[in-house]
Amino acid sequence: MIKWKIHHKKESVSTNLDALAGKSGDVFTADYQSAGRGRLDHKWESVKGENLMMSAVVAREEASPEKVATLPLVAGVAIAEALKVDSSLKWPNDVWYKNKKLAGVLCERRGDNVIIGIGLNVNAYPIALKDRSTSLKEILGERQSVIEIRDAILASLSSFYQAWLIRGFDEHLRAIIAKRDYLRGKTVSVRQTDDDSEPIEGVCEGIAEDGSLLVGGERIYAGEAHIEGVR
Ligand code: BTN
């Protein structure tokens, strides 16, 4: 097990920025972020003191760039498995409950480390995002402890990360992910982030051994997937 060292602030600009000064095993948390960041240059809005905002620093060890590309999926499934609700993993690394987002992950490579930034709606979500967000409180019907959830996720992250270091993105890990795969079997439209091409549309066949999304026979390495009728 990784022995995590927590550094907590009441207010931060972004815990992923705080984590730049960290070393492997450090975890930066905050009750509030003034400029929380999401994937694809989105903002991450949260509600003061109600939710989990944390960035865990892990070493890349000897992992190749191809292998590191699968780490965000490992982080996503570690969160999904740690929660007491039947959540799914929406490629590349969101955690959803039914048709709404519960948590997001922003992984950033920094030298020999990877910063795993996690935003989870524990007791609230911004009102403006109510059509597409949910929280553990909303699902379970009562307030949840941010600290208990933080610790459950860190324990899960530790074991998934260590298994990934040893065995890679192997069949066992992929089978766990496949059970929670939100997009698999659905008709999706995926806007790729690496180029200006038209979105790829088709039935999602799941996640490949290199972490890419399989849609209509094509492999997609970076992008955002949409399902018709779901915001
Ligand atoms: C996404 O869904 O686009 C990813 C959201 C990641 C948000 C978390 S909150 C803690 C950490 N600090 C940040 O600024 N972002 C991540």
ask   = Which number comes out as Rg/Rh for the stretch 139-184 once both Rg and the Kirkwood Rh are worked out on C-alpha atoms?
value = 1.10
message = Compute and list, largest first, the equivalent-ellipsoid semi-axes of the stretch 40-104 from the alpha carbon gyration tensor, each √(5λ) rounded to a whole angstrom.
response = 23, 15, 12
request  = Just name one of Val95, His172, Val203: the one whose Cα is farthest towards the positive end of the charge dipole of the chain (beta-carbon charges, Lys/Arg +1, Asp/Glu -1).
outcome  = Val95
message = Treating only the Cα positions of the stretch 1-41 as identical point scatterers, give the base-10 log of I(q)/I(0) from the Debye formula at each q in 0.19 Å⁻¹.
response = -0.56
task = Find the accessible area per residue for the stretch 1-129; the probe is 1.4 Å, ligands and nucleic acids are left out, and the unit is Å².
result = 45
request  = Answer with one residue from Val57, Val188, Val47: the one whose Cα lies farthest towards the positive end of the charge dipole of the chain, charges on Cβ with Lys, Arg +1 and Asp, Glu -1.
outcome  = Val47
Neighbour-limited loop hits for GluC sites (Glu not before Pro), the stretch 44-91 (at most 16 other Cβ within 10 Å; DSSP other than H, G, I, E, B) = Glu45, Glu61, Glu62
key: Of all accessible heavy-atom area on the stretch 1-156, the percent that carbon and sulfur account for (1.4 Å)   = 49
ask   = For the stretch 125-206, with equal point scatterers placed on the C-alpha atoms only and solvent neglected, what are the log10 I(q)/I(0) values from the Debye formula at q = 0.11, 0.12, 0.19 1/Å, to two decimals?
value = -0.56, -0.66, -1.14
remark   = Computed over the stretch 134-231, protein heavy atoms only, probe 1.4 angstrom, the accessible area per residue in square angstrom equals 55
note = Relative contact order as a percentage, the stretch 23-151, C-alpha pairs under 8 Å and 6+ apart, gives 25
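If you stretched the chain out fully between Arg132 and Lys186, how much longer would it get, using 0.36 nm times the residue separation minus the C-alpha to C-alpha distance?
Stretched out fully, the Arg132 to Lys186 stretch lengthens by 17.6 nm.
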request  = Name the long-range amide H neighbours of Ala30: under 5 Å, sequence gap of 5 or more, or other chain; modelled H, no Pro or chain starts.
outcome  = Lys9, Met53
key: Cut-off under 5 Å, modelled amide H: who pairs with Lys101 long-range   = Ser133, Thr134
task = Measure out, as a whole number of angstrom, how far apart the alpha-carbon centroids of the stretch 193-231 and the stretch 90-128 sit.
result = 19
remark   = In Å, the Kirkwood hydrodynamic radius from C-alpha pairs for the stretch 63-168 sits at 14.3
note = With label points set 7 Å from each Cα along the Cα-to-Cβ direction at Leu20 and Ala175, the distance between them in nm comes to 4.3
query = So if R0 is 41 Å, what FRET efficiency would Asn99 and Ala63 give, r being the distance between their Cβ atoms, rounded to the nearest 0.05?
reply = 0.75
ask   = What residues of the stretch 158-190 lie in the reach of a label at Asp210, counting those whose backbone N is under 15 Å from a point 7 Å from the Cα along Cα→Cβ?
value = 169
query = Where in the chain are the DSSP H helices whose alpha-carbon span along the long axis reaches 30 Å or more and whose Kyte-Doolittle mean is at least -1.0?
reply = 146-167
remark   = Here the FRET efficiency for Lys5 versus Ser145, based on Cβ atoms and R0 = 22 Å and rounded to 0.05, is 0.60
task = Return one quarter of the surface area of the convex hull spanned by the alpha-carbon atoms of the stretch 1-123, equal to its mean projected area, in nm².
result = 7.6
ask   = At a probe size of 1.4 Å, how large is the accessible area of Asp170, to the nearest 10 Å²?
value = 40
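Pop out the Kirkwood hydrodynamic radius of the chain from its pairwise C-alpha distances, inverse of mean 1/r, in Å to one decimal.
17.7
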remark   = Largest fluctuation, Ala175, Ala82, Ala19 only, Gaussian network model of the chain with Cα springs under 10 angstrom, belongs to Ala175
remark   = Log entry: pair-distance distribution for the stretch 27-76, C-alpha pairs binned every 5 Å from zero, whole % per bin is 5, 16, 20, 21, 18, 12, 6, 2
inquiry  = If I model a spin label as a point 7 Å beyond the Cα along the Cα-Cβ vector, how far apart are those points for Ser159 and Glu201 in nm?
reply    = 4.3
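The values are calculated or read from the model by the stated rules, or taken from the named source; none is laboratory data. Here the structure is a predicted model, which is why all the values come from computation and not from measurement. Every residue, glycine as well, gets a Cβ built from its backbone with ideal geometry; the counts of neighbours run over all protein chains shown. Side chains are part of the model used for accessible areas, which takes the heavy atoms of the whole protein and leaves out ligands, DNA and RNA. Shrake-Rupley method; radii C 1.70, N 1.55, O 1.52, S 1.80 Å.
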